[in-house]
Each structure stands twice: as structure tokens, then as C-alpha cells.
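Inspection log for the structure reproduced underneath, given as C-alpha cells.
The numbers here are math on the coordinates, done by the rules we state, and not lab data. Because the structure is predicted, anything quoted here is derived from the model rather than measured. Please note: Cβ atoms are built from the backbone with ideal geometry, for glycine as well, and neighbour counts cover all protein chains shown.
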Amino acid sequence: MREEQTLSLYDLTIHEVADLLRRREVSAVEVTRAVLDRIHQVERRVGAFVTVTEDLALEQARLADQRRAGGDATPLTGVPAIIKDVICTKGVRTTCSSRMLERFVPPYDATVVQRLQAAGFVMVGKSNMDEFAMGSSTENSAFFPTRNPWDLERVPGGSSGGSAAGVAAGEGFYALGSDTGGSIRQPASFCSITGLKPTYGRVSRYGLVAFASSLDQIGPMTKDVHDAALVLNAIAGADTWDATSLPTPVPDYTQALIPDLKGLRLGVPKEYFAEGVTPEVAGAIREAVRVLEGLGASVDWEVSLPSTRYALAVYYIIAPSEASANLARYDGVKYGFSAEAETMWEAMEQTRQHGFGPEVKRRIMLGTYALSAGYYDAYYLKAQKVRTLIRREFEEAFRRYDALVTPTAPTVPFKLGEKLEDPLAMYLSDVCTIPVNIAGIPGLSIPGGFADGLPIGLQIIGPALSEETLLRIGYAYQQATDWHTRRPTL
């Protein structure tokens, strides 16, 4: 961990660099050059990016400086960001870290990208990820694994590992990730940054390459909670291009950032401290809860969510089933990788054989099996019924508590290759995050401590559209601790 010292420009938060830009102590071009220099310095070791957009970033920075000179700026104007390579960017390739889309250049921007452009952001690149967002370590990328800036022999988590590692390493002030079963929060935990999975429908999914449509959600990955509120302000809200987006008005999330928790009721579900959660993680989270208690919250340590233990099984039926349907479009005909063969059927078979990696194929086969005749009722339909039970248990808990507090991940970051040959062990890395997606509710991961120099994440879960409450809790915790201010040494 870094000793106390003056932070470099790339180590600052969005709100800190926005203050410098507002006071004209630096320009957006200078800030962007500092981040690009940092990318050149550390990227070879970290591997956070599939594509670095240096020329585009400098052009956007120049426009941001003009905009600030004209008095038309937001907190994000001129602040460099990273976009996960599953989110469409017009004119910039969007690969999903897959050979299938290695040369795909979208003709349009995702809604979240349009909204960031309206705020004046600067995009320094597209981040590496597990192929089609399927994985927990960013080792399933078709191109290369991403490494954890806190220990280059360990994984950054997944599937948004490139986004998390890039923010932690100072290669961008914030990133957008996507979260289907923990893919924002688990890498946020592993890289000691802040990651928010909003309520399903709070942020438009238009332009997000689909994995599991009833579970996917885009959210911010930042250095602290204040920054997460700023990014959520920019990207949240209804979208006519996404029929599942919620029409609820968007508040100013920064207004929720107050440093005490008086009057809030927190629950600690015992199922999240069961087998698989290491003593170091459990101890750090219990200590973090005591900090929250000291900030004025009342805490119930004996909450039970008994259906939680079925969430992993439910997820690995529903998510692969939806992936099987969504990925059927990659047939080598319209776009993406296309193999040559004598017949159309042979070409389609070879396209999918060589275009998809092992984990994607595994999940397509799982999903296709669960949806097949004779098995649909036994697997998919039953999983949907248990999903309803899980959602109802959360709803019942939130009648008594404003939020629930749990570990984000059951362990600290594991070593590269450690779980690659054991899919079940890899899937268990998301055991604490998956129930949130199943229920469609928001979850926030913030730095909650370290064990032997490796990060531990604290997860805060709330009812639908309770992002303000989660951000308030996270902000108060970060005012009372310094875990989020620590930076890795590279």
C-alpha cells in the first residue's frame, strides 16, 4: 500500500479534479495527458484496456476546455473515463472481449455513452472483460487476462475487471461496468474501489450487448461514493429506447451525501457469513458494521434470508438460459466473426465453435439444456418460482430495515489460474452478489479493509430505487475510514 504522500493528478477523484478544472488550475487536456501518460506507464503490466482511444480522448478534452471556457460545464466535463467493452461506442470497436466481435464497430452509441457525452466526458478507452461478461476473474477474455493492481499475480475480479483495475491503477478517474451477477461489485471489492449496481431499470440498457436481459444493469465504478453519485446523476433515468427502463424521476444523488446515519436501521443477514466466507473477510465486515453503528445506525445482527442459499443455483439456470437466446444471433451471417465452409449449417457451426470461448460455450449449453423440451418445467420454470421467493424475502426484510450489510465477495482476490479449471469454485466467487440481481434491487460495494495487503469489499443492499440511502451509508462510512483513499503501488 502507498505511504502518505502527495497524490499524482491521476490518483485524484472526479470531484477533486473537477474542482481543479473549475478553478482553471489545470485544463482538461492536461488532465487527459496525465491519464494517457499513466496508461503508457502501467498498462503493459495491468492489461486493463482492449482499446485505448488516445486521439479521441485528446479531441474530447479540447472540446471540454472550450465548453468550460463558455461556462457550460458539469462535474464530468473534461474528466477521463473508461467504458467497459460490452457497451456500444459509435466508431470505436466494441468486442465484448470475444473473437466473435473482435472487429465489430457499432454504428451508434449506447444511451449511457450519449448521456456522458452530453455531460462532456472524455473517453480514454474500452476496458477488458470476461468474454460476453461471463466470468468472475477477467481470465475469460479472448485476448489476455487483466491483473490486479494491488498484486499483479492476482485477478481483478470480473467480469468488469478491466474497468476496476483501470480505475484502481489511475488509468481513468471512473469507469462504466455492467453487473449481471456481481460484475461491478465483485471487481470493485477485489480492486478496492467503489462500485454501484443500480436498481434494474434505473439506468438504460440500450446499447449494452445483452448477456441475461432480466439481470443486466450498467453502473458506475469510481474511487469513492461521492464520485459514484456524480456518475449516476449523469446516466440514470428513463429511456424510450429501453422498454424496461423505469420512468421514475432522477434525484440529485449528491444531496444524499451526509456524514451520519442517525435513524437508519441496518440488518446483517447471517447467510452471507456461511461456509466459503473466509475469517479475514467476515472479521473485516463485522468491524465495518461496528463503524456504521458508531455513526448512528441501529444494527440487527440476527437477520435471516433462508432462500439466499438457492440464489446461485437459480442464477445458473436463468442467466445461461437468457444467454442461450441472446447469443443465438451470432451465426456468422449478419456481423461478427464468420467461418467459411461448404454449407450454411457447417459455416454456422464452425463460426460458433471458433468464435466463442470455453466459458461462453459452457453457459450456452447449460441454458439450451434448461430450456429444452422436457426440462423447461423442471429447471427454468422452477428457477423463476424460487426467484420470486428470493425477491419476496428481500421485500419482507426491507419492511424492517433500510438496508442490509454483507461482504461483497467471500474471499480476497485469488491468484491468476487458481480457479480457472474449476468452474464451480469460480462461480462461488459471486455468491454474495448474485441475490441482488435475482431480486432486481441495488447494491453498493465500497472498500472495507485489507487482509495481508489485499482488498476486502463491504456490500450495502437496499430496496428498489434506494440508491440515495445506499450512497448515504457508503458516504458516511468513507468519511469515518480511509480505506478508499489508499492507492496501489505500481
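Quick notes on this one:
- Ordering Val209, Val203 by the number of other Cβ atoms within 10 Å of each residue's own Cβ, fewest first, gives Val209, Val203.
- Sorting 175-185, 106-116, 428-438, 281-291 by their mean Cβ neighbour count within 10 Å, with the most densely packed peptide first, gives 175-185, 428-438, 106-116, 281-291.
- Scaling the Cα radius of gyration of the chain by the globular reference 2.2 N^0.38 Å produces a ratio of 0.91.
- The alpha carbon centroids of segment 425-470 and segment 67-89 are separated by 27 Å.
- Annotation: the residues Leu76, Leu327, Leu381, sorted from fewest to most other C-beta atoms within 10 Å of their own C-beta, follow the order Leu381, Leu327, Leu76.
- Positive-end residue, segment 297-430 charge dipole about Cα centroid, Cβ charges, pick of Gln384, Ile318, Leu424: Gln384
- In segment 339-435, the trypsin sites (Lys or Arg not before Pro) that fall in loop regions by DSSP, at most 10 other Cβ within 10 Å: Arg399, Arg400
- Computed on the chain, with alpha-carbon pairs under 8 angstrom and 6+ residues apart, the relative contact order is 18 percent.
- Computed P(r) (all Cα pairs; segment 155-285; 10 Å bins; percent): 12, 35, 38, 15, 1
- Sorting His354, His226 by the number of Cβ atoms found within 10 Å of their own Cβ, with the fewest placed first, yields His354, His226.
- Descending semi-axes in Å of segment 234-374, equivalent ellipsoid built from Cα gyration tensor: 45, 23, 14
- Placing unit charges on the Cβ atoms of the charged side chains and taking the dipole of segment 86-187 about its Cα centre, the candidate lying farthest along the positive direction among Leu116, Ala168, Met134 is Leu116.
- Entry for segment 48-168 at q = 0.19, 0.21 Å⁻¹: log10 I(q)/I(0) = -0.96, -1.09, Debye formula applied to identical alpha-carbon scatterers, no solvent contribution.
- In sequence order, calculated HN-Hα J values of segment 432-445 (Karplus, 6.51, -1.76, 1.60; Hz; x Gly/Pro): 8, 9, 4, x, 5, 5, 4, 8, x, 9, x, x, 10, 10
- The calculated FRET efficiency for the pair Ala425 and Arg362, based on their C-beta separation and a Förster distance of 22 Å, comes to about 0.95.
- Diffusion of segment 418-490 by Stokes-Einstein, at 25 °C in a medium of 0.890 mPa s and with Rh set to the Kirkwood radius over alpha-carbon pairs, works out to 172 µm²/s.
- Surrounding net charge for Asp260, when Lys and Arg each add one and Asp and Glu each subtract one, Cβ distance under 13 Å: +1
- Between segment 344-390 and segment 183-209, the Cα center-to-center distance that results, in Å: 24
- Candidate cross-link partners of Lys361 among the aspartates and glutamates, defined by an alpha-carbon separation under 16 Å and a same-chain spacing of 8 or more, comprise Asp130, Glu131, Glu139, Glu322, Asp331, Glu349, Glu421, Asp422.
- Burial ranking of peptide ranges 24-36, 258-270 (average Cβ count within 10 Å, highest at the top): 24-36, 258-270
- Per DSSP, loop GluC sites (Glu not before Pro) in segment 328-371 with at most 11 further Cβ within 10 Å: Glu340, Glu342
- 3J(HN,Hα) couplings calculated from phi for segment 201-208 with the Karplus curve 6.51 cos²θ - 1.76 cosθ + 1.60 (θ = phi - 60°) are, in sequence order, x, 6, 10, 4, 9, 5, x, 8 Hz; Gly and Pro show x.
- A compact globular protein would have a Cα radius of gyration near 2.2 N^0.38 Å; the ratio found for segment 108-160 is 1.38.
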